[in-house]
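Chemist: I'd like to ask some things about the structure below.
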Amino acid sequence: MTDKKNQHYIPKFYLRKFSIENNERQIGVFNIDNKIFIQKGKLKTQGSKNFFYGQDGVIEDHLSEIEGHLAKTLKNLIADNKVPKKLSNEHINLLLFIVLTDLRNPVMIGLMRESLQQVRNHINELDPNANLDKFVPNLTHEDAIKLSLSNIPEVLNEITDLEFKILTNTTNKPFITSDFPIVKYNQYLELKKWIGSKSGYSLDGLQIFIPITSELILVFYDSSIYKAGFKKQKNINITEESDVNSLNILQFVNCLGTIYFNERANESYIRYLDSIANKFTRANSAKSSLSFLFKDGVDTKLLIKEGKNNLIVMGSTDVETKLKLTFMKIHSNGKVKKLNNSMAQLRKHSQKLSKL
């Protein structure tokens, strides 16, 4: 049994970037559910749960080793204030930081288990005599973590094509973060009123926002859809408070339940953001439904009329805030791009990977 009881799903090296006056011990905390504001909370107990990765310490030790490399990459990026060369070791480390922080989060672990439970319920609805354990595993917490982390290589490959830039905050309002800071958004599919998933890593129009300090945010995006600043501009100055507010609200809608910030964010500002975020549906809730899978030669109208569902559609609620940013627009090619008849609107990069 490991002596590391307090196991972090948000790395301490990351939270320290938002500590009060950079003291690396205290951090501002706001709990969305009970509306409690704490100006100086204890940093070491944030973004963690007792024995979250199990009591043997194996996963925790492996993650700690990886975090050492990722912490160095993030530290260098902040010091240099510039993005690394695409497909360099530093670039891959940044992608690994994003994917790992996403897939290890309690939000994703809970979402996976809840999705599988909904599938079990649907199968039982279709056939009360079905052997559920044969079709859908009943995962334990630790099984779900291992399964989620096993997806890291595949997800990492999915996003190597994304363009990426640094957003530098020059306003009086700080960037904030949360206990689930990796925000996947999709302005393109939102505007297209696409009813399927909008935040999958392989989708057309994907955007990923990750705050790294109160002054810096990393943005990754589908350059076949969007333009961000000028083409060769790798660092974009954010001069509009409306942009800062919009990006901060994403953290409220996406998070597990806790917002983090440094001394630059006062209570009135945090509560203002909360009041705006309350207008939107919280993301990352499992959703599923019964539908129809049609075969050639089958009378589709008759199949639907008879109600013979033969397909389970799984997904989750997306982050949707009608996001508008002055520095990022859908360019002309993105505007004329047509949706296809597929269940998922895949980027060309992801289409190529699926054929390998």
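Where a number appears in this text, it was derived from the coordinates with a stated rule and is not lab data. Keep in mind that what you see is a predicted model, and the values were worked out from it rather than measured. Here the Cβ is made from the backbone with ideal geometry for all residues, glycine too, and neighbour counts use every protein chain on show.
Chemist: Measure nothing fancy, just the Cα-based angle from helix 241-254's long axis to the longest principal axis of the chain, in degrees from 0 to 90, nearest 10.
Modeler: Computed tilt is about 50 degrees.
Chemist: Counting only C-alpha contacts under 8 Å and six or more residues apart, can you give the relative contact order of the chain as a whole percent?
Modeler: 20
Chemist: Another one. Please give me the summed charge of the neighbours of VAL219: other residues whose Cβ is under 10 Å from its Cβ, Lys and Arg +1, Asp and Glu -1.
Modeler: 0
Chemist: Under a point spin-label approximation (7 Å from Cα along Cα-to-Cβ), what is the HIS141-GLU241 distance to one decimal in nm?
Modeler: 4.2
Chemist: When we measure straight from the Cα of LYS198, which lysines land under 20 angstrom away, once same-chain ones fewer than 8 places off are left out?
Modeler: Hits, sequence-local ones excluded: LYS184, LYS227, LYS279, LYS287, LYS322, LYS324, LYS329, LYS335, LYS337, LYS338, LYS348, LYS352.
Chemist: Output the 0 to 90 degree angle, nearest 10, between the alpha-carbon long axis of helix 58-80 and the longest principal axis computed from the alpha carbons of the chain.
Modeler: 60
Chemist: Continuing with the same structure: Looking at ILE166, LEU353, ASN138, which one has the Cα that reaches farthest to the positive end of the dipole of the chain (charges on Cβ: Lys, Arg +1; Asp, Glu -1)?
Modeler: The residue sitting most towards the positive pole is ILE166.
Chemist: Given the options ILE59, HIS331, VAL155, identify the residue whose Cα lies farthest towards the positive end of the charge dipole of the chain (+1 on Cβ of Lys, Arg; -1 on Cβ of Asp, Glu).
Modeler: With unit charges placed on the Cβ atoms, the residue in question is HIS331.
Chemist: By a straight-distance test (C-alpha under 14 Å), which aspartates and glutamates pair with LYS234 as possible cross-link partners, with residues fewer than eight away in the same chain excluded?
Modeler: Within the straight-line cut-off, LYS234 pairs with ASP80, GLU163.
Chemist: So what's the net charge close to GLN39: Lys and Arg +1, Asp and Glu -1, counting the other residues with Cβ under 15 Å from its Cβ?
Modeler: +3
Chemist: Rounded to whole Å, give me the distance from the Cα center of the stretch 183-197 to that of the stretch 1-67.
Modeler: 31
Chemist: Compute the Cα gyration tensor for the stretch 26-144, then decide on rounded, prolate or oblate, letting a ≥ b ≥ c be the square roots of its eigenvalues: rounded whenever a/c is under 1.5, prolate when a/b is larger than b/c in the other cases, and oblate in all that remain.
Modeler: It comes out prolate by the Cα gyration axes.
Chemist: Still on this structure, I have one more. To make sure I understand, if each residue's beta carbon is the centre and we count other beta carbons within 10 Å, what order do LYS355, LYS322 fall in, fewest to most?
Modeler: LYS355, LYS322
Chemist: Could you give the dipole magnitude of the chain about its Cα centre, charging the beta-carbon of Lys and Arg +1 and that of Asp and Glu -1, in debye to the nearest 20?
Modeler: On the way: 50 positive and 38 negative charges, 231 e Å.
Charge dipole of the chain: 1100 debye, to the nearest 20.
Chemist: Same structure again: Within a 10 angstrom radius of the beta carbon, how do ASP204, ASP3 rank from fewest other beta carbons to most?
Modeler: ASP3, ASP204
Chemist: Please give the net charge around ILE27, taking every other residue with its beta carbon less than 15 angstrom from that of ILE27, where Lys and Arg add +1 and Asp and Glu add -1.
Modeler: My count for the surroundings of ILE27 gives +3.
Chemist: Compute the acute angle (0 to 90°) between the alpha-carbon long axis of helix 267-277 and the principal axis of greatest extent of the alpha-carbon atoms of the chain; round to the nearest 10°.
Modeler: 20
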